[in-house]
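Enquirer: Encoded as structure tokens, here's the structure I'll be asking about.
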Amino acid sequence: MALVNIHFLNLQNNYLFADIAKKVNAFKVMHPKADVISLGIGDVTQPLAPSVVEAMHKATDEMATKEGFHGYGPEQGYDFLREAILKNDFLPRGIHLDIDEIFINDGAKSDTGNFQELLHWDNFIGVTDPIYPVYIDSNVMIGRCGTFRDGRWTNVRYMPCTAENGFIPPLPTGRPVDVIYLCYPNNPTGTVITKPELRKWVNYALKNDALILYDAAYQAYIRDKDIPHSIYEIRGARKCAVEFHSFSKTAGFTGVRCGYTVVPKEVSVSTFEGERIPLNQLWLRRQCTKFNGTSYISQRAAEAIYTPEGKKQIKATIDYYMDNAHRMLTRLRALGYEVYGGENAPYIWMRTPDTIQKDIAAMAPTSSWKFFETLLYGANVVCTPGVGFGPSGEGYVRFTAFNSHEKTEEALDRIEAWSKG
Ligand code: PLP
């Protein structure tokens, strides 16, 4: 008899964006003429950079020839891309990594979800709250999170990030956390962490023999010079941290699929007997078994973003999105809303006032799903309810900067008219 992995049955029914899509579809069925603008889902909208497109064409042409055809590639990725990454993403920041410490992937979602497979099932995980849902759900699938009660998993340490603590997660007290998920710039709050704050986490991990899984998917959006782009800017992080990168938001690769994971050779975890096991070797073993590499065409495309032209072009697109973020911050603030993030990240995190009253400053807080629905029905604008990212997201919604200027402005006009209405 084939038995199911019962841990999958513990997963909460619907993925957040599926829930949102259902509600938006229901609205559209009832209001077929309404023109809904989505500032909800975190997908990019602008086309690929010309350098990337050219590299893809060239790689495709190569594949059409006997000499230039590429079949299975190296599981860890082609050297041409790994070298470009070392040279451009790390060396200028004084970070020296070996080429073997870079693993090209098909996007950060797979690796942020899969990396926990290397760890014993009863490690105690800690997450900043709210958080990108993949971290918790992938741990639920392996039975590491306990049971779901009152919106929380019993075996997960939630580290609340709210306006009250400046969105800086407090270090865990009591039972030490074995595995810590950090994501900066943060999805969903759009906030960042300073070097001194990040240093506290690295020191915590070194002291408690914990592992940090650091998601840097949005590092390309950082504008403030003092904000770290990589956890390896912090001394000691090579011993305790694995870092995930993605070209999705850096270069519009959500549909192309390519990213990379850094697993330093010094980072290791323990057996019950106290033997140290380097994660680099273990991850390589895992990838060689379960992953057959990212396509040659995608890797050539990714390489192109590191050329002088490519760099200029992707920066222009990031600036375009950040211009949206700036417009959103400015206009929402002018309306009296309490908004965060948006300065070093493409996300705006907004406190949800009760929309029944007129004076925003005097409004009582409302639930994030209620605000989502009121905004959808009142302004035909889609946001993402904060509670979908964790219990501390209740009372907030997320807006993304990934739409066009025109749609973003129109959505803001509608929010303004609705808020004042
Ligand atoms: N990490 C974070 C924090 C994200 O928000 C996302 C996508 O939205 C990802 C990882 C996944 O990115 P990718 O497209 O590289 O799989």
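The values are calculated or read from the model by the stated rules, or taken from the named source; none is laboratory data. Since we're looking at a predicted model, the values are computed, not measured. Methodologically, a virtual Cβ is constructed for each residue, glycine included, from the backbone with ideal geometry; neighbour enumeration extends over all protein chains shown. The area values use the complete protein model at the heavy-atom level, side chains included, leaving out ligands, DNA and RNA. Shrake-Rupley method; radii C 1.70, N 1.55, O 1.52, S 1.80 Å.
Enquirer: Against the conditions (1) away from the ligand (no atom under 16 Å from the Cβ); (2) modelled with pLDDT of 95 or more, where does CYS258 fall short? Just the number, please.
Expert: Failing condition for CYS258: (1).
Enquirer: Do we have VAL127 as in contact with a Cys (Cβ under 6 Å, 6 or more places away or on another chain), closer than 15 Å to PRO391 by Cα and surrounded by 16 or more Cβ atoms within 10 Å (Cβ to Cβ) here?
Expert: It is false that VAL127 is in contact with a Cys (Cβ under 6 Å, 6 or more places away or on another chain), closer than 15 Å to PRO391 by Cα and surrounded by 16 or more Cβ atoms within 10 Å (Cβ to Cβ).
Enquirer: Where residues in the range 211-225 are over 24 Å from SER51 (Cα atoms) and part of a loop (DSSP other than H, G, I, E, B), which of them is most open to solvent (accessible area, probe 1.4 Å)?
Expert: Residue satisfying both the conditions and the ranking: LYS225.
Enquirer: A further question follows. Among the residues of the range 7-47, write down those that are touching a residue at least 24 places away in the same chain (Cβ under 8 Å), farther than 30 Å from GLY378 by Cα and either open to solvent by 50 Å² or more (accessible area, probe 1.4 Å) or in a helix (DSSP H, G or I) (or both).
Expert: Selection gives HIS7, PHE8, ASN10, PRO47.
Enquirer: Next question. Within the set of pairs 6 or more residues apart or between chains, which connect a residue that is assigned to a helix (DSSP H, G or I) inside the range 104-115 to a residue that is small (Gly, Ala, Ser) and near the ligand (Cβ under 7 Å from one of its atoms) with Cβ atoms less than 6 Å apart?
Expert: What qualifies is ALA108/ALA217; ALA108/SER246; ALA108/GLY259.
Enquirer: From the residues in the range 60-78 that are at negative phi and surrounded by 14 or more Cβ atoms within 10 Å (Cβ to Cβ), which one is nearest to the chain's Cα centre (by Cα)?
Expert: Only one residue fits best here, namely GLN76.
Enquirer: Taking ALA301 as meeting all but one of (1) open to solvent by 30 Å² or more (accessible area, probe 1.4 Å); (2) under 30 Å from ARG82 (Cβ atoms), write down the number of the exception.
Expert: (1)
Enquirer: Tell me, yes or no, whether the range 285-294 has at least one residue that is among the β-branched types (Val, Ile, Thr) and either under 16 Å from TYR78 (Cα atoms) or over 21 Å from the mean Cα position of the chain (by Cα) (or both).
Expert: Within the range 285-294, one or more residues are among the β-branched types (Val, Ile, Thr) and either under 16 Å from TYR78 (Cα atoms) or over 21 Å from the mean Cα position of the chain (by Cα) (or both).
Enquirer: Further, regarding this structure: Being among the polar types (S, T, N, Q) and assigned to a loop (DSSP other than H, G, I, E, B) is the filter; apply it to the range 63-98 and report the residue that is nearest to the ligand (Cβ to nearest atom).
Expert: GLN76
Enquirer: To continue, here is another question. With the structure loaded, tell me whether ARG238 is over 25 Å from GLY73 (Cα atoms) and surrounded by fewer than 22 Cβ atoms within 10 Å (Cβ to Cβ) or whether it fails that test.
Expert: yes
Enquirer: Can you name every residue in the range 379-421 that is in a loop (DSSP other than H, G, I, E, B), on the phi < 0 side of the Ramachandran plot and in contact with a Lys or Arg (Cβ under 7 Å, 6 or more places away or on another chain)?
Expert: The answer is CYS383, and nothing else.
Enquirer: Please go through the range 185-210 and pick out each residue that is surrounded by fewer than 20 Cβ atoms within 10 Å (Cβ to Cβ) and of a type in the set (Val, Ile, Thr).
Expert: Selection gives THR194 alone.
Enquirer: Also: Within the range 108-127, track down each residue that is more than 16 Å from the ligand (Cβ to nearest atom), closer than 15 Å to PHE244 by Cβ and of a type in the set (D, E, K, R).
Expert: If the condition is that a residue be more than 16 Å from the ligand (Cβ to nearest atom), closer than 15 Å to PHE244 by Cβ and of a type in the set (D, E, K, R), then GLU117 is the only one that fits.
Enquirer: Here's something else I'd like to know. How many residues are within 10 Å of the ligand (Cβ to nearest atom) and either part of a strand (DSSP E or B) or modelled with pLDDT under 95 (or both) if we restrict to the range 226-255?
Expert: Residues meeting the conditions: 3.
Enquirer: Here is a further query. Does at least one position in the range 264-284 carry a residue that is among the small types (Gly, Ala, Ser), in contact (Cβ under 8 Å) with a residue 24 or more places away in the chain and within 16 Å of the ligand (Cβ to nearest atom)?
Expert: Taking every residue of the range 264-284 in turn, none turns out to be among the small types (Gly, Ala, Ser), in contact (Cβ under 8 Å) with a residue 24 or more places away in the chain and within 16 Å of the ligand (Cβ to nearest atom).
Enquirer: Hey, could you check the range 377-421 for residues that are open to solvent by less than 10 Å² (accessible area, probe 1.4 Å) and among the β-branched types (Val, Ile, Thr) and say which is nearest to PHE17 (Cα to Cα)?
Expert: It comes out as THR384.
Enquirer: Next up: Would you confirm whether any residue within the range 146-153 is open to solvent by 30 Å² or more (accessible area, probe 1.4 Å) and of a type in the set (Val, Ile, Thr)?
Expert: Looking for residues that are open to solvent by 30 Å² or more (accessible area, probe 1.4 Å) and of a type in the set (Val, Ile, Thr), one finds at least one in the range 146-153, hence yes.
Enquirer: What are the pairs, 6+ residues apart or on separate chains, where a residue within the range 382-397 that is of a type in the set (Phe, Trp, Tyr) has its Cβ under 8 Å from a residue that is assigned to a strand (DSSP E or B) and open to solvent by 10 Å² or more (accessible area, probe 1.4 Å)?
Expert: Matching pairs, first to second residue: TYR396/ARG351.
Enquirer: Follow-up. Assuming GLU101 fulfils every condition listed in (1) within 16 Å of the ligand (Cβ to nearest atom); (2) open to solvent by less than 10 Å² (accessible area, probe 1.4 Å); (3) of a type outside the set (Gly, Ala, Ser) apart from one, which condition is it?
Expert: (1)
Enquirer: If we keep just the residues of the range 137-156 that are within 16 Å of the ligand (Cβ to nearest atom) and either among the small types (Gly, Ala, Ser) or touching a residue at least 24 places away in the same chain (Cβ under 8 Å) (or both), which is farthest from ASN280 (Cα to Cα)?
Expert: ASP137
Enquirer: Go through the range 267-284 and count every residue that is within 17 Å of ASN208 (Cβ to Cβ) and surrounded by 15 or more Cβ atoms within 10 Å (Cβ to Cβ).
Expert: 4
Enquirer: Restricting the search to the range 385-407, which residues are of a type in the set (A, V, I, L, M, F, W, C) and modelled with pLDDT under 95?
Expert: Passing the criteria: VAL387, PHE389.
Enquirer: Scan the range 181-199 and give yes if some residue there is closer than 16 Å to TYR347 by Cβ, touching a Lys or Arg at 6+ places or on another chain (Cβ under 6 Å) and within 16 Å of the ligand (Cβ to nearest atom), otherwise no.
Expert: Looking through the range 181-199, at least one residue is closer than 16 Å to TYR347 by Cβ, touching a Lys or Arg at 6+ places or on another chain (Cβ under 6 Å) and within 16 Å of the ligand (Cβ to nearest atom).
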